[in-house]
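Right, one structure below, let's go through it.
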Amino acid sequence: MHAFEAIFQELLGVERAKELARQAVTELQGAIILSVIYSDSEYLAEAKQRIMNYIS
């Protein structure tokens with residue numbers, strides 16, 4: 001989670017960065033699980049888009 005925290009902290013400040021980092025990790029964990037279960041990388045692409053939306 002530290003990489004996400006660093007990126008978000010640089011863009012948004014410490015507290016918001018920690019919150020967004022947790023959300024991003026949760027998104028990725030869910031996407032990875034669904035991708036493995038359903039053998040479909042579309043879940044990862046969707047998670048990436050949601051994470052990008054967090055910082056915009």
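The values are calculated or read from the model by the stated rules, or taken from the named source; none is laboratory data. Note that the structure is predicted; figures quoted are calculated from it, not measured. All Cβ positions, glycine included, derive from the backbone under ideal geometry; neighbour counts span all protein chains shown.
Within segment 16-48, can you find the residues that are surrounded by fewer than 17 Cβ atoms within 10 Å (Cβ to Cβ) and aromatic (Phe, Trp, Tyr)?
TYR38
In segment 38-56, which residues are touching a helix residue (DSSP H, G or I) at 6+ places or on another chain (Cβ under 9 Å), in a helix (DSSP H, G or I) and modelled with pLDDT of 80 or more? Spell out how you get there, then give the answer.
Applying the first criterion (touching a helix residue (DSSP H, G or I) at 6+ places or on another chain (Cβ under 9 Å)) to segment 38-56 yields 40-48, 50-51, 54-55.
Then keep just the ones that are in a helix (DSSP H, G or I); that gives 42-48, 50-51, 54-55.
GLU42, TYR43, LEU44, ALA45, GLU46, ALA47, LYS48, ARG50, ILE51 - these are the residues of segment 38-56 that are touching a helix residue (DSSP H, G or I) at 6+ places or on another chain (Cβ under 9 Å), in a helix (DSSP H, G or I) and modelled with pLDDT of 80 or more.
For residues in segment 20-56 being among the polar types (S, T, N, Q) and more than 10 Å from the chain's Cα centre (by Cα), which is farthest from PHE8 (Cα to Cα)?
SER39
Filter segment 1-15 down to residues that are out of contact with any helix residue (DSSP H, G or I) (no Cβ under 7 Å at 6 or more places or on another chain) and surrounded by fewer than 14 Cβ atoms within 10 Å (Cβ to Cβ) and give me whichever is farthest from SER56 (Cα to Cα).
Per the stated criteria, the residue is HIS2.
Kindly list, by first and then second residue, each pair from a residue in segment 6-29 that is closer than 17 Å to GLN49 by Cα to a residue that is of a type in the set (Ser, Thr, Tyr) and not in a helix (DSSP H, G or I), limited to pairs with Cβ atoms under 7 Å and residues at least 6 apart or on different chains.
Close Cβ pairs (under 7 Å, with a partner that is of a type in the set (Ser, Thr, Tyr) and not in a helix (DSSP H, G or I)) do not exist here.
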